[in-house]
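The values are calculated or read from the model by the stated rules, or taken from the named source; none is laboratory data. Since we're looking at a predicted model, the values are computed, not measured. Virtual Cβ from ideal backbone geometry, glycine too; neighbours counted across all protein chains shown.
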Amino acid sequence: GESVGLHLPTLSVQEGDNSIINCAYSNSASDYFIWYKQESGKGPQFIIDIRSNMDKRQGQRVTVLLNKTVKHLSLQIAATQPGDSAVYFCAEKEGNNRLAFGKGNQVVVIP
Amino acid sequence: DAGVIQSPRHEVTEMGQEVTLRCKPISGHNSLFWYRQTMMRGLELLIYFNNNVPIDDSGMPEDRFSAKMPNASFSTLKIQPSEPRDSAVYFCASSLVGYNEQFFGPGTRLTVL
């Protein structure tokens with residue numbers, strides 16, 4: 001499949017444990033953030049999003065936390081499964097339609 | 001819906017050749033984005049269209065790159081002439097204008113020898 005990045009920060013997680021992936025963003029005026037998951041050989045897929053007027057949002061097994069004071073975003077995955085192995089990108093909204101993506105974090109789930 | 005469709009999935013060409021990548025957005029979507037992904041630079045926006053009109057092409061690296069969207073269901077990204085440093089995975093994504101979530105295609109892996 002497509003090679004996403006051999007030198008990405010990597011998080012190794014035991015199956016069943018919780019995962020936390022962190023992301024720093026640059027623009028304090030950004031009002032929307034989104035997490036994408038990219039599996040090998042595929043395009044990025046939407047996981048969860050959050051607006052700047054919130055500090056937490058929960059989905060199915062995932063939670064996004066936003067700390068605007070330090071411009072930090074995190075994605076928590078509960079009870080990590082082998083299918084969660086992927087590269088995870090945070091993105092912030094720029095302008096009208098643009099998204100600016102971070103470099104990505106590799107998550108490796110150990111069975 | 002089949003999602004965003006890209007072709008070809010893989011392209012190997014020689015330096016100097018013309019390369020054309022194709023994208024069909026999700027039916028009903030009226031924003032289309034072309035991205036390039038490399039190990040060194042990550043995911044970069046090259047250009048995007050709203051209602052078939054190019055809005056921002058500031059990410060297009062050089063005049064060798066051009067993109068068109070002749071209608072709402074088709075877009076092309078052309079590289080002429082191609083160079084080895086153009087080797088990357090090129091993604092197309094679509095969305096509705098005013099909505100933030102972008103839906104990505106499977107990508108085209110381009111190798112320029």
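Of all the numbered requirements in (1) farther than 23 Å from B:Gly107 by Cα; (2) away from chain B (no Cβ under 14 Å); (3) surrounded by 15 or more Cβ atoms within 10 Å (Cβ to Cβ), A:Cys23 misses one, and that requirement is (2). Does at least one position in the stretch B:84-101 carry a residue that is among the polar types (S, T, N, Q), free of Cβ contacts under 8 Å to residues at least 40 places away in the same chain, facing chain A (nearest Cβ under 9 Å) and closer than 30 Å to A:Tyr32 by Cβ? Yes - at least one qualifying residue is present in the stretch B:84-101.
Taking the residues in the stretch B:42-58 that are more than 9 Å from every other protein chain (Cβ to nearest Cβ) and of a type outside the set (Val, Ile, Thr) as candidates, determine which candidate is surrounded by the most Cβ atoms within 10 Å (Cβ to Cβ). Only one residue tops the list, namely B:Phe49. Pairs linking a residue in the stretch A:94-109 that is within 8 Å of another protein chain (Cβ to nearest Cβ) to a residue that is among the hydroxyl-bearing types (Ser, Thr, Tyr), with Cβ atoms under 6 Å and 6 or more positions apart or on different chains, are A:Asn97/B:Ser31.
It is to be established whether one or more residues within the stretch A:60-82 are assigned to a strand (DSSP E or B), more than 10 Å from the chain's Cα centre (by Cα) and in contact (Cβ under 8 Å) with a residue 60 or more places away in the chain. There is no residue in the stretch A:60-82 that is assigned to a strand (DSSP E or B), more than 10 Å from the chain's Cα centre (by Cα) and in contact (Cβ under 8 Å) with a residue 60 or more places away in the chain.
Restricting the first member to the stretch B:1-15 and to residues that are small (Gly, Ala, Ser), and the second to residues that are in a strand (DSSP E or B), the beta-carbon pairs closer than 6 Å and six or more apart or on different chains are B:Ser7/B:Arg22. For the stretch A:15-33, filtered to residues that are of a type in the set (A, V, I, L, M) and at pLDDT below 95, the residue that is nearest to B:Tyr99 (Cα to Cα) is A:Ala29. On the basis of being part of a strand (DSSP E or B), without any contact (Cβ under 8 Å) to a residue 60 or more places away in the chain, of a type outside the set (Ser, Thr, Tyr) and out of contact with any Lys or Arg (no Cβ under 9 Å at 6 or more places or on another chain), does A:Ala29 make the cut? The answer is no for A:Ala29. Selection of first residues in the stretch A:34-51 that are within 8 Å of chain B (Cβ to nearest Cβ) and of second residues that are of a type in the set (Asp, Glu) and assigned to a strand (DSSP E or B), restricted to Cβ pairs under 6 Å at least 6 apart or on distinct chains, gives the following pairs, ordered by first then second residue: A:Ile34/A:Asp49.
Every condition in (1) among the β-branched types (Val, Ile, Thr); (2) modelled with pLDDT under 95; (3) in a strand (DSSP E or B) is met by A:Val107 except one, and the failing one is (2). Each residue in the stretch B:19-32 was checked for being within 12 Å of chain A (Cβ to nearest Cβ) and in contact with a Pro (Cβ under 9 Å, 6 or more places away or on another chain), and 2 of them qualify.
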